[in-house]
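The values are calculated or read from the model by the stated rules, or taken from the named source; none is laboratory data. Only a predicted model underlies this, so the values are computations on that prediction, with no experimental measurement involved. Cβ placement follows ideal geometry from the backbone for every residue including glycine, while neighbour counts extend to all protein chains displayed. Each accessible area value is taken on the protein alone, full model and side chains, heavy atoms only, with ligands, DNA and RNA left out. Shrake-Rupley method; radii C 1.70, N 1.55, O 1.52, S 1.80 Å.
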Amino acid sequence: MTTKLPPYVSREVVLARLQRIFPEGLPNRNYLIRDLAGATVFTMLYVGAVEGTERYVAPKHVYRMGDEQAAMLSDAARVEYGNEVQAPGFVPRGQSWYADNTREPIRDETLRQGLVAVGAAVVRQDVPTTSPVPRHALAAHFAALFNPALQDEEFEKAIQDWRSKHLTKAALTKIALTQAGVGISTTDVPVQFPNNTVRHLSPGPSSVIAKAVVEEFAPRFLNKPSVLWMSESAKKVVAQDDLLAKKIGININQQKNLPDIILVDLGEPTLLVFVEVVATDGPVTETRRAELLALVTSAGFTEADVAFVTAFLSRSVPAFRKALESVAWNSFVWVATEPGSLIAMVGAAEPPMKLNALLSLGTQES
């Protein structure tokens, strides 16, 4: 093989660049930025396993790599390692980075669910998945991001270009929303209501989620959405909202049952939707659901007239994992980074709903 190898770049630099390339909000990000990912990409670059070269790696290339081998920088040493590591009786130089039982995490997580899933690596299609023959290589456009000549602003521009060309629209949306939610902002968050009025909320992750609820959730899941109530961290009760709520008989107690958002679907039938925004804590629990239900039944509504939703920024944030076990049955969960999907917390019923009936709910056309 005479194809020139990629420029040598250390494992530490590879890992640092992976963490820059793949930001918060990307699905399975941990598979792409952890130490094992850095070792995998380093090894692929080390042996020249890049799309178009006909060089490939197997997990063994990664878990047999070690500091002594990685310090051998000549092209001859790099090619020799790539060719010989699969040979029977091969003995690695020095201490390997990983044990042999790391094969599955490299193959299934770092490669299949990580690099391959985002288009950063390619797979030989002429080799069975069960074969020990090397079958993975870095996509050429991704390998180019590790050229040490790329530095500072040029590197940042290359990252942005790569993301825009090779990440899906859904992935880019998740990244943008997550960064907006976890970032430090000093500017107000403008929220456009269904009637085209705009309210400015205080900066913070809760406001980012609230904005998504009004602008993304409401038009997707309600026929004729309207915002009846929205509390703000800076001023919990907004006089205008309180007046509207009282007009339909809902008396909100600021000390006890203050909701985050109340939406109303003005279509047929009319539906009240209580939304709890969770940046850190505060989902619709069983207790919370009972309190809010009492609030509307005292105004003459029935349980069939109201829905309860807990809204999160993303399924990957700690708040989601922390709160999910306490979310009330017979309520819904929605995440801003996946705006078209809804999780239904279906409670016990008599007779029980059959699985095919539940499946039909998820497959019926809107």
_Whether any residue in the stretch 352-362 is more than 16 Å from the chain's Cα centre (by Cα), at pLDDT 90 or above and hydroxyl-bearing (S, T, Y) is what I want to check._
no
_Residue tally, condition in a helix (DSSP H, G or I), surrounded by 15 or more Cβ atoms within 10 Å (Cβ to Cβ) and at pLDDT below 85, over the stretch 287-343_ = 2
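Conditions (1) open to solvent by 20 Å² or more (accessible area, probe 1.4 Å); (2) farther than 26 Å from A319 by Cα; (3) at pLDDT 85 or above, marked per residue:
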residue	(1), (2), (3)
V198	yes, yes, yes
S207	no, no, yes
F221	yes, no, yes
K224	yes, yes, yes
M230	no, no, no
A234	yes, no, no
V237	yes, no, no
Q240	yes, yes, no
*Find the residue count for the stretch 124-148, including only residues that are modelled with pLDDT under 95 and among the aliphatic types (A, V, I, L, M).*
2
*Whichever residue in the stretch 1-43 is touching a strand residue (DSSP E or B) at 6+ places or on another chain (Cβ under 9 Å) and of a type in the set (S, T, Y) and, among such residues, is surrounded by the fewest Cβ atoms within 10 Å (Cβ to Cβ)*: T3
*Can you tell me which residue in the stretch 173-196 is modelled with the highest pLDDT, limited to those that are open to solvent by less than 30 Å² (accessible area, probe 1.4 Å) and farther than 18 Å from R220 by Cα?*
V189
*Quick one: which residue in R103, R93, R135, R107 is open to solvent by 20 Å² or more (accessible area, probe 1.4 Å), in contact with an Asp or Glu (Cβ under 6 Å, 6 or more places away or on another chain) and of a type in the set (K, R)?*
R93
_Just the residues that are at pLDDT 90 or above and part of a loop (DSSP other than H, G, I, E, B), please, taken from the stretch 272-286._
V278, P283, V284, T285
*Hits in the stretch 47-60 - residues which are open to solvent by less than 10 Å² (accessible area, probe 1.4 Å) and more than 30 Å from the chain's Cα centre (by Cα)*: V47, G48
*Does I252 meet the test of being at pLDDT below 80 and open to solvent by less than 40 Å² (accessible area, probe 1.4 Å)?*
yes
